[in-house]
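Some notes on the structure that comes next.
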């Protein structure tokens, strides 16, 4: 599903942000990526979404060789990869339903299919009763779940969650993690970056640690440490 082979990323004359990274993520895996600020996590995610190109090395995602990926095909790649950020990036003047629908409208989905898809996605993230609410009327955890719904509406094969619980209290943080686990159970590969050690330990999933641009640890979890579904 995801393969990075000796990937290095440098910005000008500065020290390399990533240094010879090797990483293989199987289809349907749930992987937690940890590391201090500046370790290279964000650069790694930008390479996967093709916001950045590697200085050297090979990246293959979902059978797509990035060396052969033309710029005009990058939007097609990004339809396979959903991304959730720490700051929810919701449109304040649109309802929950409209925020999720907008992600489908911009890729050309018809109204009939949108009306069928959005309720199903909101049900997955536990927000069926909030379809007509506006972001300002939601808790932080609920807003993040809207962001997740928007990210998975196009049925991506991979979901990248970049510090999705960073601004949330513990209860709402776990609400978001439970949604991510549910999505993973449905077959989506999940990459989660987090600084929250409580989440890292209780999730008991595979943990990849990045330090100073290198993978310094890659530990498997039994995926049964916390039964949330």
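Read-outs: derived from the displayed coordinates by stated rules, not from any lab. These numbers were taken from a predicted model, which means no experiment stands behind them. Heads up, the Cβs are rebuilt from the backbone with ideal geometry, glycines too, and the neighbour counts pull from every protein chain shown.
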Highest mean packing first, using Cβ neighbours within 10 angstrom, the peptides 187-193, 151-157 sort as 187-193, 151-157
Placing each pseudo-label 7 Å from Cα in the direction of the beta carbon, residue 13 and residue 178 end up separated by a distance in nanometres of 5.4 nm
Only helices counted: for the chain, with every DSSP H run of 4 or more residues adding -39500 (n - 2.57) and the sum spread over all residues, [θ] at 222 nm is -9500 deg cm²/dmol
What one gets for segment 122-208 as the Kirkwood radius, inverse of mean 1/r over different Cα pairs in Å, is 13.3 Å
Treating every alpha carbon of segment 1-127 as one equal point scatterer without solvent, the Debye formula yields log10 I(q)/I(0) values at q = 0.09, 0.10, 0.16, 0.18 Å⁻¹ of -0.35, -0.43, -0.96, -1.10
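Please give the FRET efficiency for residue 171 paired with residue 123, using the beta carbon to beta carbon distance and R0 = 25 Å, rounded to the nearest 0.05.
For residue 171 and residue 123, the calculated efficiency is 0.75.
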So, with points 7 Å from each Cα along the Cβ direction, the residue 85-residue 56 label distance in nm works out to 3.2 nm
Expressed in angstrom and ordered largest first, the alpha-carbon extents of segment 80-121 along the principal axes are 31, 27, 18
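Can you list the equivalent-ellipsoid semi-axes of segment 90-155, largest first and in whole Å, using the square root of 5 times each Cα gyration tensor eigenvalue? Walk me through the intermediate numbers first.
Numbers: eigenvalues 64, 28, 20 Å².
Working through the eigenvalues yields semi-axes of 18, 12, 10 Å.
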Of all DSSP beta bridges with both partners in the chain, the antiparallel percent, nearest 5, is 50 percent
